[in-house]
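Each reported figure results from applying straightforward, stated rules to the coordinates on display, with no laboratory input. Everything numeric in this text was worked out from a predicted model, so none of it was measured. Reconstructed Cβ throughout: ideal geometry from the backbone, glycine too, with neighbour counts over all protein chains shown.
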Amino acid sequence: MRIIIIDYGAGNIKSIQFAFKRLGFDAVLSNNPEEIRSADKVIFPGVGEASSAMAKLKNSGLDNVIPKLKQPVLGICLGMQLMCKTSEEGNTKGLAIFDADIKRFNNGLKVPQMGWNTITNLKSKLFKDLKEADYMYLVHSFYAENCKESIATTTYGLTYAAALQKDNFYGVQFHPEKSSTVGEQILKNFIAL
Amino acid sequence: MLTKRIIPCLDIKNGRTVKGVNFINLRDAGDPVELAKQYALKGADELVFLDISATLEGRKTMIDMVLKVAEQLNIPFTVGGGISSVEDVDVLLKSGADKVSVNSSAIKRPELVNELASKFGTQCVVVAIDAKQIDGNWIVHLAGGSISTELDLFDWAKEVERRGAGEILFTSMDNDGTKDGFANKALAKLSKSLNIPIIASGGAGTMQHFVEVFKAGKANAALAASVFHFGEIAIKDLKEELRNNNIEVRL
């Protein structure tokens, strides 16, 4: 099992790497297109601001590599957002893998949404052995609109897509690597895909 | 629904967990990595590590401890104490910390908050504020609470929010170590004036105090140390009590 974490200079990749290590897997950091293409599983992380992260992705040429990957790919947090069509954050054009747009929370609630919230309407093997309304850890100011590719939803003032799937591409807004044993189960499920 | 968070705070000195009563008279309460794992198992939502000696003695936060904690912990954690530059934060985040908290360094050079927010994102920038009431005004203090500033708590909090803080950790020095409850009036005012989450700190003694800090104090999260470290309040019992009071928690 070769797991690659895409290393393009945006995000807290150490904690993802440690989470896989706790599960008994070595996840390797790489920005090499060949290595990424030949991996069994690919993690696309991301933390920070969308337009600068997208710029880093373009500089590395990986914006052309990721959408063509054939193996299971898991975008986490900003990684998931960059897999969508557009983001209101920095008027960013994303990879358009998912047919969803990223909007800013604008409903009078505290932003960022920070902490533990439930995921419901679970519709994927990614959530095998999870219960409806299990808690996941989230930190974000922007969200994906609920859409047909949604495989889990969360409510924060409004109901949005907490996870998306299209073919071999998966994206989660929450941080499975920081979501206790439930998050670890999701990573195990991803490895088993 | 987004839950209220319970956050044990591990004050660190020389690699060991300590808790100051009104910031002096330290008592030893164990190894931080072991304690962190225990707290994750017991249902803590998040942890904060504060290197309390860092600002006073100019010590840097222990990168080794952060790495060891990150390796073993499956919930988020914040590291604070002695952080004064983008480089300091870069090393901590690369070692696996999820968030950093800045305090005195932001008071001395407020642009630091902007720099951190633009480089790493607002989500990982916690601004910690220690304040106490002087002649009816909440006055911000620095260097572990030992030096008074001219800053008003509410003005300063508003300013750091504007500069890109993702969260405020407000410690009432009047309440800290008293076990008489949180500074709910000031917290509620702070919560109303800001659009970012607020972590309440200082004064936890009973489970009822946590009920009050979420209801009256409008806090998004509550932080405490000794009541957890010395087993006076079990996190599971606390969360059940909160749920019985119709406060949303992760159980």
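A compact table of results
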{"read-out": "GNM top mover of A:G24, A:G46, A:G75 - chain A, alpha-carbon springs below 10 Å", "value": "A:G24"}
{"read-out": "Per-residue [θ]222 nm for the protein assembly as shown (sum of -39500 (n - 2.57) over DSSP H runs n ≥ 4, rounded to 500)", "value": "-9000 deg cm²/dmol"}
{"read-out": "About the Cα centre, charge dipole magnitude for the range B:5-244 (Lys/Arg +1, Asp/Glu -1 at Cβ), debye", "value": "340 debye"}
{"read-out": "Whole-number percent relative contact order across chain B, with pairs defined as alpha carbons under 8 Å at least 6 apart", "value": "18 percent"}
{"read-out": "Simple label model, 7 Å out from Cα along Cβ direction - A:N106 to B:N195, nm", "value": "1.0 nm"}
{"read-out": "D (Stokes-Einstein, µm²/s), Kirkwood Cα radius, the range B:135-182, 1.002 mPa s at 20 °C", "value": "179 µm²/s"}
{"read-out": "Share of pairwise Cα separations in the protein assembly as shown, more than 37 Å, in percent", "value": "20 percent"}
{"read-out": "Cβ-based net charge around A:S51, under 11 Å, with every Lys or Arg adding one and every Asp or Glu removing one", "value": "0"}
{"read-out": "Hull shadow area, averaged, the range A:3-192 [alpha-carbon convex hull, nm²]", "value": "9.2 nm²"}
{"read-out": "GNM top mover of B:S84, B:S226, B:S193 - chain B, alpha-carbon springs below 10 Å", "value": "B:S193"}
{"read-out": "Cα-centred dipole magnitude for chain A, charges only on beta-carbon of K, R (+1) and D, E (-1), debye, nearest 20", "value": "140 debye"}
{"read-out": "Whether the range A:4-48 is rounded, prolate or oblate, judged on the alpha carbon gyration tensor where a/c under 1.5 counts as rounded", "value": "oblate"}
{"read-out": "Estimated dipole of the protein assembly as shown in Debye, rounded to 20 [Cβ of Lys and Arg +1, of Asp and Glu -1, Cα centre]", "value": "840 debye"}
{"read-out": "Relative contact order (percent, whole number), chain A, Cα cutoff 8 Å, 6+ residue spacing", "value": "19 percent"}
{"read-out": "Share of alpha-carbon pairs per 5 Å distance bin for the range B:144-251, given as whole %", "value": "2, 12, 22, 23, 19, 12, 7, 3, 0"}
{"read-out": "Descending semi-axes in Å of chain B, equivalent ellipsoid built from Cα gyration tensor", "value": "24, 22, 18"}
{"read-out": "Length-normalised contact order of the range A:99-161 in % [C-alpha pairs under 8 Å, at least 6 apart]", "value": "42 percent"}
{"read-out": "Candidates B:V79, B:V102, B:V211: whichever shows maximal mean-square fluctuation once chain B is modelled as a Gaussian network with Cα springs under 10 Å", "value": "B:V211"}
{"read-out": "Antiparallel DSSP beta bridges within chain B, percent to nearest 5", "value": "30 percent"}
